[in-house]
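The values are calculated or read from the model by the stated rules, or taken from the named source; none is laboratory data. Predicted model, so just to flag it, every value in this text is computed and none were measured. Quick note on the areas: whole protein, heavy atoms, side chains included, nothing else; ligands and nucleic acids left out. Shrake-Rupley method; radii C 1.70, N 1.55, O 1.52, S 1.80 Å.
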Amino acid sequence: MLLLFAAFFLMGQRDPVLVPEVSQHEVQVRQGFVGQELLLFGAVLDPAGRAGQDYDIVVVLKGPSEPIRLREKERFIGVWVNAESSDFRSVPSYFAVASSRPITEIVDDKTAAIYEFGTDYIQLSPSGSIDPEEQRRFAAGLVDLKRRLGLYREDFGGVQISESVLYQARIELPSNVTTGTYTAETFAVTRGRVIASAVSEVEVKKVGFERFVEDSANQWGLAYGLIAVLLSVGMGWGAGRLFARL
């Protein structure tokens, strides 16, 4: 149905059009959530009827952005202490990119930076006055930390193109993803130029008891904190009594 609708739409178009889709637009996070694989697929429809073998596809999946203060640790008299820090206004909580070929073979560095085609090109929006060299060092450290947590991923060659028109890519969401709205941006590229783009959304949200706990913490913060403290004290007292009898 999507392809049929797009075919009618293409009658008045000159540039190729992307028709993207996601295997699921809602990911539910429950107790024991171990992650979820998303299938991003679609087609590049060319109104001129040209074959699509010259197209490359790049898919960028980003999670909700958040401000972050990154601190550097250094050893002082045998103790690790906080040293320099840097603030970033807009850090994607999750970032993944997949492409049909290595990005360096598809576009130049300028184009890659404009569209964030890789972790080296993420626009982190640093704030405050800091030396540019220090900025780059902190940004590299932040990206490396996110990579080690499994939250930043790259798969150059992870997009499969078939029949010169259809494409698909599989991207893994780990168990520690942040809830919120994720944007899946798909780009069609030819001769180093982005000729079409489209956006799909995926909602990651907690359900069941996890959702109840999150809502309670947000809406009744004081009561939630007091209950958490009382439960901790009660469990500690109960454990002490139990081991005292043993």
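General observations
- Taking every alpha-carbon pair in the range 2-206 and binning the separations at 5 Å intervals from zero gives 1, 7, 14, 17, 16, 14, 12, 8, 5, 3, 1, 1, 0, 0, 0 percent.
- ³J(HN,Hα), Karplus 6.51/-1.76/1.60, whole Hz, each residue of the range 162-178, x for Gly, Pro: 10, 6, 6, 9, 7, 9, 7, 8, 10, 10, 8, 9, x, 6, 9, 6, 7
- Surface composition of the range 2-206: carbon and sulfur make up 49 percent of the accessible area, probe 1.4 Å.
- Bridging of Lys206 to lysines at a Cα separation below 27 Å is possible for Lys62, Lys146, once same-chain residues fewer than 8 apart are set aside.
- Heavy atoms of Asp131: accessible area, 1.4 Å probe, square angstrom to 10: 80
- Residues whose amide H lies under 5 Å from that of Val29, counting only those 5 or more places away or on a different chain, are Lys205, Lys206, Val207; hydrogens are built 1.01 Å from N in the peptide plane.
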